[in-house]
Amino acid sequence: MSPRFEGRDVMIDAGKTALDHAWEEAAAKMVTATELYTMTQMVTVARFYAKTRNSDFDDLARKHTFLRGHRIGTKRPVEKNWRTRYGAGEDNREPVFAFSAVAARRWTKAEPHQIKQQLDKAQKVVEAPTKAFNKALHLVNKEEREE
């Protein structure tokens, strides 16, 4: 813990990497919509805020999610919500995370359809930047056709 002084927050912020900043921005955006998210969703949103397509970034963001997120479910004795079927493909099973330990305990006991409802909310956050880009692209195309 750094000592309390005037420049404390500046020093803490200066010590953060681009990954830290991107992950925090992604988490702040996601927490406004939902309590749960999958690893893939968080990596996608963090990649958007970092403005990178580097595969190394994705690996680091996955590790960061394991460190900063709170995994829901129990692995043993019965795999209750340890991996949730979500996304493309019937066999796509994802680890699901919550933003707090309290929420993780609560969602561990939830039914799969309730978890999927939360993940659908998170997916809307993931898709929002691409929808805005597509909307802007259509406006540019429309203006070109009018000229």
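Okay, residues lined up against (1) charged (D, E, K, R); (2) without any contact (Cβ under 8 Å) to a residue 60 or more places away in the chain:
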site	(1), (2)
67	no, yes
77	no, yes
83	yes, yes
94	yes, yes
104	no, yes
110	no, yes
113	no, yes
118	no, no
Exercise. Would the stretch 46-68 turn up any residue that is touching a strand residue (DSSP E or B) at 6+ places or on another chain (Cβ under 6 Å) and either modelled with pLDDT of 90 or more or surrounded by 14 or more Cβ atoms within 10 Å (Cβ to Cβ) (or both)?
Worked result: no
Problem set entry | the stretch 97-145: number of residues that are at pLDDT 90 or above, farther than 16 Å from residue 84 by Cα and polar (S, T, N, Q) | 1
Seminar exercise, completed: Wholly inside the stretch 37-124, helices (runs of 4 or more DSSP H) that include 1 or more residues that are under 17 Å from residue 19 (Cα atoms) and under 17 Å from the mean Cα position of the chain (by Cα) are 39-50, 55-68
Problem set entry | Tally of residues being modelled with pLDDT under 85 and aliphatic (A, V, I, L, M) across the stretch 1-31 | 5
For this session: Using the structure shown, decide if residue 7 is in contact (Cβ under 8 Å) with a residue 12 or more places away in the chain and of a type outside the set (A, V, I, L, M, F, W, C).
Result: no
For this session: Mind counting the residues in the stretch 34-65 that are in contact (Cβ under 8 Å) with a residue 12 or more places away in the chain and either among the aliphatic types (A, V, I, L, M) or within 24 Å of residue 105 (Cα to Cα) (or both)?
Result: 18
For this session: Give me the pairs, please: first residue somewhere in the stretch 10-33 and assigned to a helix (DSSP H, G or I), second residue anywhere and among the charged types (D, E, K, R) and at pLDDT 85 or above, beta-carbon distance under 7 Å, and either six or more positions apart or on two chains.
Result: 23/68
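The values are calculated or read from the model by the stated rules, or taken from the named source; none is laboratory data. Worth saying up front: this structure is predicted, and the values here are computed from it rather than measured. Neighbour counts run over all protein chains shown; Cβ positions are idealised from the backbone, glycine included.
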